[in-house]
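The numbers here are math on the coordinates, done by the rules we state, and not lab data. All values derive from a computational prediction rather than experimental measurement. Every residue, glycine among them, receives a Cβ derived from its backbone with ideal geometry; neighbour counts consider all protein chains shown.
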Amino acid sequence: MIPLLYGRYSFVLFLPVFFIDSVENDVFYIWFLYYITFSILMGNLGGMEYWTKLIQWVFKVQYEIIGHWGYMHDLYSRPILKVRNKQYNLLISAMGGNIYEEEEIIRRKAIIYWFII
């Protein structure tokens with residue numbers, strides 16, 4: 001079940017297929033197969049980690065962790081992310097069902113903040 005959480009990204013990539021095959025009744029069966037395949041590639045085989053590293057390399061995304069804000073507790077990590085001379089206080093769940101590595105979460109947030117600024 002854990003890799004299926006990565007499947008939420010598959011809907012955006014599936015939209016062209018949806019518009020091409022929207023007349024047929026089997027569009028949801030095709031999407032389900034696509035969803036499972038995408039989940040296995042991104043979750044089990046680590047594709048999402050490689051994509052974020054590629055995006056970071058291509059766009060030269062620079063970020064650093066400059067410390068932690070607030071009280072450190074076992075349930076949450078509170079790093080301070082610095083992207084383009086702006087600081088962001090992150091709250092990352094370290095336990096309680098979080099399937100991602102903390103470094104991967106920080107990299108994704110840094111990429112998002114890099115493009116927003």
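Between residue 68 and residue 104, the simple label model (points 7 Å from Cα in the Cβ direction) yields a spacing of 2.2 nm. Peptides 51-64, 103-116 ranked from most to least packed by the mean count of surrounding Cβ atoms within 10 Å: 103-116, 51-64.
Local charge for residue 55 was computed over the other residues whose Cβ lies under 14 Å away, with Lys and Arg +1 and Asp and Glu -1, and equals +3.
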